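Student: Have a look at this one.
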Amino acid sequence: MRELVARAGLVDRIELDSAGTGGWHAGELADPRTREAARRRGIDLVHRARQFTRADLDRFDLVIVMDAQNAGNVARVVGERAQPIVRTLRSFDPTAEPDAEVPDPYSGGAQGFEEVLDMCERACAGLLAHVQRDLAR
(Lines give C-alpha, C1' and ligand atoms only; values in the text may rest on other atoms or scores of the structure.)
Protein backbone atom coordinates (compact mmCIF):
# COMPACT_ATOMS: atom_id res chain seq x y z
CA MET A 1 0.00 0.00 0.00
CA ARG A 2 2.85 2.38 0.80
CA GLU A 3 4.28 1.90 -2.69
CA LEU A 4 0.90 2.55 -4.32
CA VAL A 5 0.39 5.72 -2.27
CA ALA A 6 3.89 6.92 -3.17
CA ARG A 7 3.37 6.25 -6.88
CA ALA A 8 0.09 8.18 -6.71
CA GLY A 9 1.93 11.16 -5.20
CA LEU A 10 -0.23 11.08 -2.06
CA VAL A 11 2.30 10.47 0.70
CA ASP A 12 1.60 13.93 2.13
CA ARG A 13 -2.18 13.31 2.18
CA ILE A 14 -2.51 9.68 3.30
CA GLU A 15 -1.14 8.40 6.60
CA LEU A 16 -0.58 4.65 6.80
CA ASP A 17 0.30 2.45 9.73
CA SER A 18 0.06 -1.22 10.60
CA ALA A 19 -0.95 -2.82 13.88
CA GLY A 20 -2.15 -6.18 15.07
CA THR A 21 -5.05 -6.78 17.41
CA GLY A 22 -2.83 -8.87 19.68
CA GLY A 23 0.50 -7.91 21.16
CA TRP A 24 2.29 -11.25 20.97
CA HIS A 25 4.58 -10.16 18.08
CA ALA A 26 5.09 -6.53 19.16
CA GLY A 27 8.51 -5.26 18.17
CA GLU A 28 9.14 -8.07 15.69
CA LEU A 29 9.55 -7.89 11.91
CA ALA A 30 7.08 -9.69 9.66
CA ASP A 31 7.47 -13.45 9.23
CA PRO A 32 10.64 -14.20 7.21
CA ARG A 33 8.54 -15.95 4.53
CA THR A 34 6.41 -12.83 4.14
CA ARG A 35 9.49 -10.63 3.88
CA GLU A 36 11.06 -12.95 1.29
CA ALA A 37 7.91 -13.09 -0.85
CA ALA A 38 7.63 -9.29 -0.66
CA ARG A 39 11.33 -8.82 -1.45
CA ARG A 40 10.86 -10.84 -4.67
CA ARG A 41 8.26 -8.21 -5.62
CA GLY A 42 10.58 -5.33 -4.83
CA ILE A 43 8.94 -4.55 -1.49
CA ASP A 44 11.12 -4.17 1.59
CA LEU A 45 9.10 -4.87 4.73
CA VAL A 46 10.86 -3.15 7.63
CA HIS A 47 7.85 -2.30 9.82
CA ARG A 48 7.93 -3.72 13.32
CA ALA A 49 4.72 -5.09 14.78
CA ARG A 50 2.74 -3.11 17.29
CA GLN A 51 -0.68 -3.53 18.86
CA PHE A 52 -3.75 -1.52 17.84
CA THR A 53 -4.76 0.87 20.63
CA ARG A 54 -7.51 3.35 21.47
CA ALA A 55 -5.11 6.16 20.49
CA ASP A 56 -5.33 4.90 16.90
CA LEU A 57 -9.00 5.91 16.91
CA ASP A 58 -7.99 9.57 17.02
CA ARG A 59 -5.39 9.19 14.24
CA PHE A 60 -7.25 7.27 11.55
CA ASP A 61 -10.52 7.60 9.65
CA LEU A 62 -10.37 4.08 8.26
CA VAL A 63 -9.15 0.86 9.89
CA ILE A 64 -8.53 -2.07 7.57
CA VAL A 65 -8.55 -5.60 8.94
CA MET A 66 -7.69 -8.93 7.36
CA ASP A 67 -10.58 -11.02 8.70
CA ALA A 68 -13.76 -11.10 10.77
CA GLN A 69 -11.91 -12.06 13.96
CA ASN A 70 -9.74 -8.95 13.71
CA ALA A 71 -12.81 -6.86 12.88
CA GLY A 72 -14.39 -8.07 16.11
CA ASN A 73 -11.23 -7.30 18.08
CA VAL A 74 -11.11 -3.78 16.65
CA ALA A 75 -14.84 -3.28 17.27
CA ARG A 76 -14.28 -4.02 20.96
CA VAL A 77 -11.64 -1.28 21.09
CA VAL A 78 -13.79 1.14 19.07
CA GLY A 79 -16.85 0.52 21.25
CA GLU A 80 -19.56 3.16 20.83
CA ARG A 81 -17.41 5.61 18.87
CA ALA A 82 -18.60 6.45 15.38
CA GLN A 83 -15.08 6.69 14.00
CA PRO A 84 -13.07 5.11 12.52
CA ILE A 85 -14.77 3.06 9.86
CA VAL A 86 -13.67 -0.60 10.02
CA ARG A 87 -13.54 -2.60 6.76
CA THR A 88 -11.93 -5.82 5.63
CA LEU A 89 -9.12 -5.41 3.12
CA ARG A 90 -10.66 -7.74 0.56
CA SER A 91 -13.87 -5.70 0.53
CA PHE A 92 -11.88 -3.39 -1.77
CA ASP A 93 -11.05 -6.20 -4.23
CA PRO A 94 -13.70 -6.35 -6.97
CA THR A 95 -12.70 -9.96 -7.76
CA ALA A 96 -13.24 -11.19 -4.18
CA GLU A 97 -16.37 -12.88 -2.91
CA PRO A 98 -18.49 -10.91 -0.42
CA ASP A 99 -17.06 -11.23 3.10
CA ALA A 100 -13.78 -12.62 1.71
CA GLU A 101 -10.92 -12.63 4.18
CA VAL A 102 -7.16 -12.62 3.85
CA PRO A 103 -6.11 -16.05 5.13
CA ASP A 104 -3.17 -16.47 7.47
CA PRO A 105 -0.51 -18.36 5.50
CA TYR A 106 1.60 -19.09 8.60
CA SER A 107 0.97 -22.86 8.74
CA GLY A 108 1.36 -23.46 5.01
CA GLY A 109 4.18 -23.37 2.52
CA ALA A 110 5.82 -20.55 0.62
CA GLN A 111 3.09 -20.53 -2.05
CA GLY A 112 0.54 -19.41 0.55
CA PHE A 113 2.55 -16.27 1.21
CA GLU A 114 2.64 -15.50 -2.53
CA GLU A 115 -1.13 -15.98 -2.79
CA VAL A 116 -1.76 -13.71 0.20
CA LEU A 117 0.43 -11.01 -1.33
CA ASP A 118 -1.53 -11.33 -4.60
CA MET A 119 -4.78 -10.83 -2.65
CA CYS A 120 -3.37 -7.87 -0.76
CA GLU A 121 -2.03 -6.18 -3.90
CA ARG A 122 -5.42 -6.43 -5.65
CA ALA A 123 -7.26 -5.18 -2.59
CA CYS A 124 -4.80 -2.34 -1.95
CA ALA A 125 -5.32 -1.07 -5.50
CA GLY A 126 -9.06 -0.95 -4.79
CA LEU A 127 -8.47 0.66 -1.39
CA LEU A 128 -6.35 3.38 -2.95
CA ALA A 129 -9.06 4.08 -5.54
CA HIS A 130 -11.60 4.33 -2.70
CA VAL A 131 -9.42 6.76 -0.74
CA GLN A 132 -8.72 8.84 -3.84
CA ARG A 133 -12.47 9.22 -4.42
CA ASP A 134 -12.88 10.37 -0.81
CA LEU A 135 -10.02 12.85 -1.19
CA ALA A 136 -11.62 14.29 -4.32
CA ARG A 137 -14.84 15.14 -2.43
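Student: Rg and Dmax of the range 75-133, Cα atoms, in Å?
Tutor: Cα radius of gyration and Dmax of the range 75-133 are 13.7, 40 Å respectively.
Student: Enter the accessible area of residue 107 (Å², nearest 10), with the probe set to 1.4 Å and all protein chains included.
Tutor: Accessible area, nearest 10 Å²: 110 Å².
Student: Using only the Cα atoms of the chain, each taken as one equal point scatterer with no solvent, compute I(q) by the Debye sum, divide by I(0), and report log10 of the ratio at q = 0.13 Å⁻¹.
Tutor: Evaluating at q = 0.13 Å⁻¹ gives log10 I(q)/I(0) of -0.59.
Student: When the chain is modelled as a GNM with alpha-carbon springs shorter than 10 Å, which of 75, 100, 55 fluctuates the most?
Tutor: Maximum fluctuation in the GNM of the chain, among the listed residues, is at 55.
Student: Would you tell me the accessible area of residue 34, worked out with a 1.4 angstrom probe on the heavy atoms of the protein chains, in Å² to the nearest 10?
Tutor: Here the accessible area works out near 40 Å².
Student: Determine the per residue accessible area of the range 39-96 with all protein chains present and a 1.4 angstrom probe, expressed in square angstrom.
Tutor: With the other protein chains kept in place, the range 39-96 gives 65 Å² per residue.
Student: Using Cα pairs closer than 8 Å and at least 6 residues apart in sequence, work out the relative contact order for the range 1-91, in percent.
Tutor: 25
Student: I've got another one for you. Of 6, 26, 16, which is farthest along the charge dipole of the range 1-40 in the positive direction, counting Lys and Arg as +1 and Asp and Glu as -1 at C-beta?
Tutor: 6
Student: If you place +1 on the Cβ of every Lys and Arg, -1 on the Cβ of every Asp and Glu, and leave all else neutral, what size is the dipole of the chain about its Cα centre, to the nearest 20 Debye?
Tutor: In debye, rounded to 20, the chain gives about 360.
Student: In addition: In units of 2.2 N^0.38 Å, what is the alpha-carbon radius of gyration of the range 1-55?
Tutor: Ratio of Rg to 2.2 N^0.38 Å for the range 1-55: 1.28.
Student: While we're here: For the range 28-137, which chymotrypsin sites (Phe, Trp or Tyr not before Pro) are both in a DSSP coil and crowded by at most 15 other Cβ atoms within 10 Å?
Tutor: Of the chymotrypsin sites (Phe, Trp or Tyr not before Pro), the ones in loops of the range 28-137 whose Cβ has at most 15 other Cβ atoms within 10 Å are 106.
Student: Turning to a different aspect of this structure: If you build a Gaussian network model of the chain, linking Cα atoms that sit under 10 Å apart, which residue out of 126, 109, 22 swings the most?
Tutor: 109
Student: If DNA, RNA and ligands are ignored and the probe is 1.4 Å, what is the ranking of 40, 137, 59 by accessible area, most exposed first?
Tutor: Correct descending sequence by accessible area is 137, 40, 59.
Student: If 64, 85, 14 are ordered by their accessible area, calculated over protein heavy atoms with a 1.4 Å probe, which sequence runs from highest to lowest?
Tutor: 85, 64, 14
Student: Using only Cα atoms, locate the centre of the range 1-27 and the centre of the range 89-133, then give the distance between them in Å, rounded to an integer.
Tutor: Answer, in whole Å: 15.
Student: Next question. Treat each spin label as a single point 7 Å out from the Cα along the C-beta direction, and report the residue 118 to residue 40 distance in nm.
Tutor: 1.2
The values are calculated or read from the model by the stated rules, or taken from the named source; none is laboratory data. Every value quoted in this text rests on a predicted model; they were computed, and no experiment measured them. Don't worry about glycine lacking a Cβ; one is built from the backbone with ideal geometry, like all the others, and counts go over all protein chains shown. Just the protein is used for accessible areas: all its heavy atoms, side chains included, with ligands, DNA and RNA removed. Shrake-Rupley method; radii C 1.70, N 1.55, O 1.52, S 1.80 Å.
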